[in-house]
Structures are given as structure tokens and as C-alpha cells.
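Participant: Please see the structure below; I have some questions.
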């Protein structure tokens, strides 16, 4: 019986250590919303989407990335149609990303089509 209790205790302790080691680190979220110019075509907007989606393969400091288009029924988007969500593990990584040549090249693709942009950065909290 004592041996069984010891084995159970070791398994519980091991599970706790594994769980603690796998706990996600705090992430710095970089949220970007775009409103495109009315004259921008669907093809031009797709070029912007593709250019932004390519950044994680070009900038190693990006730890997570997702994006989508607005589908809210609340009608409060104020013309913003696209949301991009970029995650970093540190402010240093974000500081590398912003002036990175790949990011600057993306901005060159975006700029002719951009009407408005809204950016919010925050540290994710539990």
C-alpha cells in the first residue's frame, strides 16, 4: 500500500511539473484594424492580406498570428473590415518587428489602399 501511495504521489507531482512547464507565457498582443479606401479593389485588398499573412514566415519574433474580416451584426465597425492579431513574447521582439525590412515592405503594399488604421497593443492577462 505504501508503494502504491508513493507511485500516486510521484505521478501527481510529475503532472504538476509538466502542467507548470507547459503553461503559456504572457504574450504581448499587437492588434491592427484596417479600413480600406473605397476605390481599392478586392484584388488589391487580397494583396494586402497576403502580404500581412507572409510576415510570420519572414520575422521570427512573431510568435503567433491570426486574422479575419469583420462579421459583427452590431454595425459598430466604423468602416474597419480587417483585424490582424500578432503576438510577441517581449517588447524587444515588437521593437525588432516594427522597423523590420519585411514589415516595411508590407507597409509599402498597404499604404496606397489604407484609409484608416487602429492599433492597440496590450499584455495578455489571465
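Since every read-out is calculated from the coordinates, none of them should be taken as a lab result. What you see is a predicted model, and the numbers here were worked out from it, not measured in a lab. In this analysis, Cβ positions are derived from the backbone assuming ideal geometry, glycine residues included, and neighbour counts consider all displayed protein chains.
Participant: Just the ratio, please: alpha-carbon radius of gyration of region 25-123 over 2.2 N^0.38 Å, N its number of residues. Present the calculation step by step, with values, prior to reporting the outcome.
Facilitator: Working: Rg = 13.6 Å, N = 99, 2.2 N^0.38 = 12.6 Å.
My calculation over the Cα atoms of region 25-123 gives 1.08.
Participant: Please compute the modelled spin-label separation between residue 44 and residue 90, points set 7 Å along Cα→Cβ, answer in nm with one decimal.
Facilitator: Calculated label separation equals 4.0 nm.
Participant: Given a cut-off of under 8 Å on Cα pairs at least six residues apart, what relative contact order in percent is computed for region 25-123?
Facilitator: 51 percent
Participant: Using a Förster radius of 25 Å, what is the FRET efficiency between residue 105 and residue 126 based on their Cβ-Cβ separation? Nearest 0.05, please.
Facilitator: Working: r = 36 Å, r/R0 = 1.43.
For R0 = 25 Å, the calculated efficiency reads 0.10.
Participant: Between residue 25 and residue 67, what's the calculated FRET efficiency when r is the beta-carbon distance and R0 is 25 Å? Round to 0.05. It would help to have the intermediate numbers written out before the result.
Facilitator: Numbers: r = 22 Å, r/R0 = 0.87.
Efficiency, from the Cβ-Cβ distance: 0.70.
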